[in-house]
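Engineer: Could you have a look at this structure, given as structure tokens, before my questions?
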Amino acid sequence: MKRAVAVGLGLLCITCTVPDIEELEEERPSTCDASHPCQVRVLLTYDGFRPGCVTLRLVDAEDGSRTFELPVEPPGLAGSGTGEVGFIRPAGGSDTVRVTASARERSCAGQEVATASAQGVVPEKGTATVELELSARDEDGDGFVSTTTRGTDCDDRSVSSSPGVEERCDFLDNDCDGREDPAPICDGVDWRSTEPIPGASFRDVAPHARNQAWLVSDSNDLLAHVRRETDGGFDVELFTDCHGAWSTAWARPSDGRLFMGSREGQLATRTLVAGEPCTLTAFDGRGAAIQDLVGFEADGGTTLFAVSKAGDILRWDPPAQPVRVAQVDADLRSIHGLDPRTLITVGRAGEVPVAYHVNADGGPWLRETLPPPSEGQVALHAVHVVAPGLAYATGDRGLLLERAAGTWSTKPPYPIFVDGGVSPDILDVVAFGRGAVIAVLGTDDLVRFDGETWRDFRFGTQGFTTLEGLSSDELWSATVDGTGFHWAPQAP
């Protein structure tokens with residue numbers, strides 16, 4: 001997305017050569033007002049990234065000694081769109097000025113990733129406009145620009161990898177040194193499980209902080225909050241006051257408050273405090289199962305989105321009641337995004353898989369073009385957005401789709417190991433980069449796609465139903481027999 005920012009020349013003016021500071025102040029090189037109209041204005045746009053540092057260099061085209069360097073406040077991700085400020089040409093110079101913009105990643109000590117230059121002729125009366133565009137690629141929005149556009153980010157579609165990131169056990173080259181999980185980084189990292197809880201059939205897991213997650217059950221009105229202890233064990237607290245067959249959940253990172261949906265179309269929320277009541281909303285879901293939830297915290301508020309079997313897309317801004325913002329002709333199974341602007345939902349329409357993305361203009365959600373499915377691949381079950389330029393979706397008979405730069409492609413399906421058989425369904429997916437796509441198979445196994453090949457991760461016998469993780473080195477899962485699973489380093 002391209003964002004335009006008008007840059008004020010000389011608001012933080014620094015002289016590099018002649019003329020001296022007193023001369024500049026006397027000639028008013030930058031301060032434009034009603035009595036001193038701007039003679040030159042510069043419009044600076046940036047495309048594909050947010051610079052950490054922007055510097056403008058102004059040179060008299062006929063006298064290179066007349067040079068100014070001006071640090072400029074880097075443009076933010078949000079803003080009013082356009083604006084104009086400029087400068088007054090110093091007296092005594094020529095009518096022509098060359099303006100060069102330079103952008104660096106992260107800070108003014110970072111790598112220079114984009115430059116642009118243009119020349120303007122200052123009229124005797126009126127204003128000359130110089131337009132400059134700085135372009136680079138930062139698809140994951142972590143402030144580091146892709147190595148393909150002069151930056152230092154070795155994996156620009158994963159916030160888990162960039163220079164300076166601490167290496168961790170997650171199948172990725174986190175610090176961009178060319179090594180994945182160097183020894184002994186994975187020592188002690190393994191799956192550990194809670195004791196089965198009688199009567200529970202866990203259908204979703206909602207982590208909210210390091211080593212803490214909620215597990216929700218569609219039987220016995222049961223919720224469980226699990227905390228991993230420093231000795232490797234688990235502290236499990238049970239709640240039974242939220243009456244419903246809870247099948248999906250999301251937990252707020254700031255305080256652990258749980259939001260959940262049920263197979264009967266109910267929505268509810270409760271806190272971690274045992275004495276506080278569970279609160280059911282008054283939303284009328286017409287009995288259609290709520291099949292997935294995702295939430296976001298921003299500016300002191302919380303916004304959730306949910307999808308239903310009837311094709312409803314709901315928005316929930318607690319404490320207000322949920323509202324139906326869209327309805328599509330599909331059985332929607334999953335919804336995910338990094339924020340409300342990057343949401344994707346998937347499911348099935350009739351006998352074909354479908355995907356929709358949120359409309360930035362606020363209109364109807366837009367159906368995406370998917371590759372033709374193979375025989376028996378009639379539904380997508382899960383979607384996970386890694387970055388604005390990367391997402392994965394999984395479905396029937398080993399179906400794995402990758403969305404890169406807005407286009408979906410089919411990746412190698414999970415293989416068939418029995419002659420005459422079919423690939424298992426892929427029920428859930430969590431991804432942190434092209435080498436770390438973790439999935440739940442209908443055969444009760446957890447597996448990983450490394451960008452080229454499927455690899456075993458955890459064999460199951462208890463009925464894995466879900467998979468989630470807040471960071472690339474910590475995963476949670478749960479099973480139909482009431483067991484919670486946690487994969488991470490030993491708790492500190």
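The values are calculated or read from the model by the stated rules, or taken from the named source; none is laboratory data. Keep in mind that this is a model prediction, so the values were computed, not measured. Don't worry about glycine lacking a Cβ; one is built from the backbone with ideal geometry, like all the others, and counts go over all protein chains shown. In case anyone asks, the SASA skips ligands and DNA or RNA and just uses the protein heavy atoms, side chains included. Shrake-Rupley method; radii C 1.70, N 1.55, O 1.52, S 1.80 Å.
Engineer: Restricting attention to segment 88-109, does a residue exist that is open to solvent by 60 Å² or more (accessible area, probe 1.4 Å), modelled with pLDDT of 85 or more, of a type in the set (Gly, Ala, Ser) and under 30 Å from Asp156 (Cα atoms)?
Structural biologist: There is at least one residue in segment 88-109 that is open to solvent by 60 Å² or more (accessible area, probe 1.4 Å), modelled with pLDDT of 85 or more, of a type in the set (Gly, Ala, Ser) and under 30 Å from Asp156 (Cα atoms).
Engineer: Could you please tell me which pairs satisfy a Cβ distance under 7 Å, a separation of 6+ or placement on different chains, a first residue in segment 270-287 that is more than 17 Å from Leu215 (Cα to Cα), and a second residue that is open to solvent by 50 Å² or more (accessible area, probe 1.4 Å) and modelled with pLDDT of 85 or more?
Structural biologist: Matching pairs, first to second residue: Pro277/Asp241; Leu280/Gln266; Thr281/Gln321; Ala282/Gln321; Phe283/Gln321; Gly285/Gln266; Gly287/Glu264.
Engineer: Any residue at all in segment 150-158 that is open to solvent by less than 30 Å² (accessible area, probe 1.4 Å), in a loop (DSSP other than H, G, I, E, B) and on the phi > 0 side of the Ramachandran plot? Let's see the steps before the verdict.
Structural biologist: Taking segment 150-158 first, the residues open to solvent by less than 30 Å² (accessible area, probe 1.4 Å) are 151, 153, 156, 158.
Remaining after also requiring in a loop (DSSP other than H, G, I, E, B): 151, 156, 158.
Checking which are on the phi > 0 side of the Ramachandran plot leaves us with none.
Taking every residue of segment 150-158 in turn, none turns out to be open to solvent by less than 30 Å² (accessible area, probe 1.4 Å), in a loop (DSSP other than H, G, I, E, B) and on the phi > 0 side of the Ramachandran plot.
Engineer: Now, a different point. Is it the case that some residue within segment 416-427 is closer than 26 Å to Asp173 by Cβ and modelled with pLDDT of 95 or more? Working first, answer last.
Structural biologist: Step one: filter segment 416-427 for residues closer than 26 Å to Asp173 by Cβ, giving 426.
From the residues that got through so far, the ones that are modelled with pLDDT of 95 or more too are 426.
Yes; the residues of segment 416-427 include at least one that is closer than 26 Å to Asp173 by Cβ and modelled with pLDDT of 95 or more.
Engineer: Can you pull out every residue in segment 137-149 that is open to solvent by less than 10 Å² (accessible area, probe 1.4 Å) and either of a type in the set (A, V, I, L, M, F, W, C) or in contact with a helix residue (DSSP H, G or I) (Cβ under 7 Å, 6 or more places away or on another chain) (or both)?
Structural biologist: Val145
Engineer: Can I ask one more? Among the residues of segment 353-371 satisfying the criterion of being within 21 Å of the chain's Cα centre (by Cα) and among the aliphatic types (A, V, I, L, M), which is most open to solvent (accessible area, probe 1.4 Å)?
Structural biologist: To start, the set of residues in segment 353-371 that are within 21 Å of the chain's Cα centre (by Cα) comprises 355-362, 365-368.
Filter once more, keeping what is among the aliphatic types (A, V, I, L, M): 355, 358, 360, 366.
On the way: Ala355: 0, Val358: 28, Ala360: 106, Leu366: 74 Å².
Result: Ala360.
Engineer: Is one or more of the residues making up segment 380-387 open to solvent by 10 Å² or more (accessible area, probe 1.4 Å) and more than 19 Å from Asp156 (Cβ to Cβ)? Reasoning before the result, please.
Structural biologist: Pass one, segment 380-387, residues open to solvent by 10 Å² or more (accessible area, probe 1.4 Å): 381, 384, 386.
Filter again for more than 19 Å from Asp156 (Cβ to Cβ), leaving 381.
For segment 380-387, residues open to solvent by 10 Å² or more (accessible area, probe 1.4 Å) and more than 19 Å from Asp156 (Cβ to Cβ): present.
Engineer: A follow-up question, please. Tally time: how many residues in segment 245-260 are touching a Phe, Trp or Tyr at 6+ places or on another chain (Cβ under 7 Å) and under 19 Å from Ser477 (Cβ atoms)?
Structural biologist: 5
Engineer: Among the residues in segment 303-321, are any more than 24 Å from Pro372 (Cα to Cα), of a type in the set (Asp, Glu) and either touching a Phe, Trp or Tyr at 6+ places or on another chain (Cβ under 9 Å) or without any contact (Cβ under 8 Å) to a residue 40 or more places away in the chain (or both)?
Structural biologist: Yes: one or more hits.
Engineer: For segment 334-352, give me the residue count where each residue is farther than 25 Å from Ala298 by Cβ and either at pLDDT below 95 or open to solvent by 50 Å² or more (accessible area, probe 1.4 Å) (or both). Write out each step before concluding.
Structural biologist: Restricting attention to segment 334-352, the residues satisfying the condition of being farther than 25 Å from Ala298 by Cβ are 347-352.
Checking the rest, the ones that are also either at pLDDT below 95 or open to solvent by 50 Å² or more (accessible area, probe 1.4 Å) (or both) come to 348, 350-352.
Number satisfying all stated conditions: 4.
Engineer: Can you name the residue in segment 270-296 that is within 19 Å of Ala330 (Cα to Cα) and part of a strand (DSSP E or B) and is also most open to solvent (accessible area, probe 1.4 Å) among such residues?
Structural biologist: If we take residues in segment 270-296 being within 19 Å of Ala330 (Cα to Cα) and part of a strand (DSSP E or B), then Gln291 is most open to solvent (accessible area, probe 1.4 Å).
Engineer: How do the pairs read when you match residues in segment 371-393 that are at positive phi with residues anywhere that are open to solvent by 10 Å² or more (accessible area, probe 1.4 Å) and in a loop (DSSP other than H, G, I, E, B), using Cβ under 7 Å and keeping only pairs 6 or more apart or on different chains?
Structural biologist: Short answer, once both residue conditions are applied: Gly376/Val422.
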